[in-house]
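Student: Below you'll find the structure I mean.
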Amino acid sequence: MFNGMGNMGNMMKQVQKMQKEMKKMQDELERKTVEVTAGGGAVKIVMNGQKQVQSLKINPEAVDKDDVEMLEDIISAAMNEAVKKVDEMMGAEMGKLAGGLGLPPGMF
């Protein structure tokens, strides 16, 4: 019975360690950014790890009042690519965390 309680205590310590590491990782991801461009440099977006747009730059040459739809498409593509890059960054960081805790892949 005491052995089972010891295992439970160890498991609780691991859970607490994982929670602490997750909080640390979330704080670090909040400070990290990704930068993407679309439309041959017509649009540039910087997004943080919380998927918040930090900046959006539009090259004035990309603005054509007769073709607003093209600019909208370029912005959409840049946003989608930025979100994808943030997801990839988060996945890589989660993988590091899971590996450091000795958890098998897919446990996060």
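The values are calculated or read from the model by the stated rules, or taken from the named source; none is laboratory data. Computed from a predicted structure; not experimentally measured. Glycine also receives a Cβ, built like all others from the backbone with ideal geometry; neighbour counts cover every protein chain displayed. Areas reflect the complete protein model, heavy atoms only, side chains present, ligands, DNA and RNA absent. Shrake-Rupley method; radii C 1.70, N 1.55, O 1.52, S 1.80 Å.
Student: Exactly one of (1) open to solvent by 60 Å² or more (accessible area, probe 1.4 Å); (2) in contact with a Gly (Cβ under 8 Å, 6 or more places away or on another chain) is unmet by L29. Its number?
Tutor: Unmet condition: (1).
Student: Answer yes or no as to whether G9 is under 28 Å from L97 (Cα atoms) and free of Cβ contacts under 8 Å to residues at least 60 places away in the same chain.
Tutor: So G9 passes the test.
Student: Mind checking which residues of segment 38-69 are out of contact with any helix residue (DSSP H, G or I) (no Cβ under 7 Å at 6 or more places or on another chain), part of a strand (DSSP E or B) and either open to solvent by 90 Å² or more (accessible area, probe 1.4 Å) or touching a residue at least 40 places away in the same chain (Cβ under 8 Å) (or both)?
Tutor: Q54, K57
Student: Quick check on my filter: what residues within segment 82-108 are modelled with pLDDT of 95 or more and open to solvent by 70 Å² or more (accessible area, probe 1.4 Å)?
Tutor: Those that are modelled with pLDDT of 95 or more and open to solvent by 70 Å² or more (accessible area, probe 1.4 Å): K84, K85.
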